[in-house]
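What follows is a set of notes on a single structure, which appears directly below.
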Amino acid sequence: MIVTLLALHVLSATFWVGGMVFAYWILRPAAAAQEPAQRLPLWRSVFASFLPKVGFAIILLLVTGFWLVFAAYGGFATLPMSVHLMMGIGILMMLIFLHLVAAPWKRFRTAVDAGDFATAAVHLNRIRVTVGINTLLGLATIAIAATGRYW
């Protein structure tokens, strides 16, 4: 059971962080060459597909993570510092994600749908900054997960 939980946990984190890395460092530079009338609807389509899937990955991360706390470690009192750090950063990332969905994504989507590309571009920049922060936090979490047992 622990192996299955851990596999689901790692795959969910990989999907979320990997998707952000792809969007930020691959898709964003490639899309920058497009005119706003093509670029902004592209991003709207990408986010409309990606964000709900990240929401599902977050649910899996929470369920498997808390289950692993008790199944693998017997509770919070015996967790190594690396797991506490991963949990703290992960919860911060989830809160940032909720903010992204509730504010800049909603405003971006509304502006693109209305054809207001100037306003949409402002909100896309806010999304870019937010995703950049979460990408760095996600990469730090992966580094902690990979090295924490050796501390």
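No lab work stands behind these numbers, since they all come straight from the coordinates. Here the structure is a predicted model, which means the values were calculated and not measured. In this analysis, Cβ positions are derived from the backbone assuming ideal geometry, glycine residues included, and neighbour counts consider all displayed protein chains.
Points to keep in mind about this one:
- The phi-based Karplus calculation (6.51 cos²θ - 1.76 cosθ + 1.60; θ = phi - 60°) puts the 3J(HN,Hα) values of the range 78-90 at 9, 5, x, 4, 4, 6, 4, 5, 4, 5, x, 5, x Hz, whole numbers, x for Gly and Pro.
- Mean ellipticity per residue at 222 nm, deg cm²/dmol - from DSSP H runs of n ≥ 4 across the chain, formula -39500 (n - 2.57): -29000 deg cm²/dmol
- Among 42-48, 78-84, the peptide with the highest mean count of other Cβ atoms within 10 Å heads the list, and the full ranking is 42-48, 78-84.
- Taking the Cα centre of the chain as reference, the dipole from Cβ charges on Lys and Arg (+1) and Asp and Glu (-1) amounts to some 120 debye.
- Helix 117-147 vs. the chain, principal-axis angle (Cα, 0 to 90°, nearest 10): 20
- Cβ-based charge dipole, the chain, positive-most Cα from LEU6, PRO80, GLY132: GLY132
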